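Input: a single structure, listed below in structure tokens.
The values are calculated or read from the model by the stated rules, or taken from the named source; none is laboratory data. Computed from a predicted model, the values in this text were never measured in an experiment. Neighbour counts are summed over all protein chains in view; Cβ atoms, including those assigned to glycine, are modelled from backbone coordinates with ideal geometry.
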């Protein structure tokens, strides 16, 4: 299944640190994985995660948010305490099937390739499709009992660019599946940062590193790539400099868009 026609238009993406970004699409305003807590430690079953920097904006600074695209609800670096409270004021949260059950009536879980239709304010519709994401270096069946269920998203609509939001995905094979159905995409919001946790998978990658992020951009044929999920947490091992270097090495620097800060 092909995506919509490629456009030269770049959408404006505001980035706030970690995996949290805001963009308007088809007249609706979408927020990815809300994380607004102050820096601090979070206990997790295998140790702790440490947030090292505050978000670039507070929830009250965002204005209206119509939809949250939540890759998963199990980890505080994707949904922290402030982010969880924020969901109560958002009409719809689209997330994993398990998250849809845990988060209540305003949440909708999507399995792979399952879609939800959203009405646009000016008429017409946006389709949000759940797409594969694997939060670790093994197969989904091996990873999910350890890292949990994760979902990515593809947004399409008549006359609109195709937008892909990867979520916490470490699999280029999953990216290839998405490209086969929806590529080329106009805008890819790619979770990066090369996060590692020593006691999980012998410290192997939990999400794409910078070189893999550039490779994902190439696979998708993406004209605009906005990386998120590469700063503000101690377990992210690669940041902005590594991303710029990787896209430069791949000859894709003109596609890299670091977003509007805050």
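Inside segment 134-198, counting only strands (runs of 3 or more DSSP E) that do not spill past its ends, which hold 1 or more residues that are out of contact with any helix residue (DSSP H, G or I) (no Cβ under 7 Å at 6 or more places or on another chain) and farther than 24 Å from residue 27 by Cβ?
Answer list for segment 134-198: 187-191.
Which one of the conditions (1) assigned to a helix (DSSP H, G or I); (2) in contact with a helix residue (DSSP H, G or I) (Cβ under 8 Å, 6 or more places away or on another chain); (3) farther than 14 Å from residue 19 by Cβ does residue 101 fail to meet, given that it meets all the rest?
In the conditions (1) assigned to a helix (DSSP H, G or I); (2) in contact with a helix residue (DSSP H, G or I) (Cβ under 8 Å, 6 or more places away or on another chain); (3) farther than 14 Å from residue 19 by Cβ, residue 101 misses (2) alone.
Look through segment 14-53, keep the residues that are farther than 23 Å from residue 200 by Cβ and free of Cβ contacts under 8 Å to residues at least 60 places away in the same chain, and return whichever of them is farthest from the chain's Cα centre (by Cα).
Out of the qualifying residues, it is 38.
Only residues in segment 227-252 that are without any contact (Cβ under 8 Å) to a residue 24 or more places away in the chain count as the first member; pair them with residues that are part of a strand (DSSP E or B) and crowded, with 19+ Cβ neighbours inside 10 Å, Cβ under 9 angstrom, at least 6 apart or cross-chain, and list the lot.
Qualifying pairs under 9 Å: 240/227; 244/256; 248/256.
Within the bounds of segment 140-157, is there any residue that is buried (at least 23 other Cβ atoms within 10 Å of the Cβ) and at positive phi?
Within segment 140-157 (the criterion being buried (at least 23 other Cβ atoms within 10 Å of the Cβ) and at positive phi), the answer is no, since none of the residues qualifies.
Can you tell me which residue within segment 12-51, out of those that are in a loop (DSSP other than H, G, I, E, B) and at pLDDT below 95, is surrounded by the most Cβ atoms within 10 Å (Cβ to Cβ)?
Going through the qualifying residues, I end up with 46.
Scan (1) more than 17 Å from residue 134 (Cα to Cα); (2) part of a loop (DSSP other than H, G, I, E, B); (3) in contact with a strand residue (DSSP E or B) (Cβ under 8 Å, 6 or more places away or on another chain) for the single condition residue 251 breaks and write down its number.
That leaves (3) as the condition not met.
Let me confirm something: among 202, 173, which residue is over 22 Å from residue 225 (Cα atoms) and surrounded by fewer than 17 Cβ atoms within 10 Å (Cβ to Cβ)?
So the residue among 202, 173 that is over 22 Å from residue 225 (Cα atoms) and surrounded by fewer than 17 Cβ atoms within 10 Å (Cβ to Cβ) is 202.
Check whether at least one residue in segment 224-234 is in a helix (DSSP H, G or I) and either modelled with pLDDT of 95 or more or under 17 Å from residue 168 (Cβ atoms) (or both), and report yes or no.
No, because not a single residue in segment 224-234 is in a helix (DSSP H, G or I) and either modelled with pLDDT of 95 or more or under 17 Å from residue 168 (Cβ atoms) (or both).
Are there any pairs with C-beta distances below 7 angstrom linking a residue in segment 59-75 that is within 22 Å of residue 111 (Cβ to Cβ) to a residue that is surrounded by fewer than 17 Cβ atoms within 10 Å (Cβ to Cβ), with the two at least 6 apart or on different chains, and if so which?
73/102
Starting from residues that are over 17 Å from the mean Cα position of the chain (by Cα) and under 28 Å from residue 47 (Cα atoms), keep the ones in segment 176-199 and report whichever is surrounded by the most Cβ atoms within 10 Å (Cβ to Cβ).
So, considering only residues that are over 17 Å from the mean Cα position of the chain (by Cα) and under 28 Å from residue 47 (Cα atoms), the one surrounded by the most Cβ atoms within 10 Å (Cβ to Cβ) is 196.
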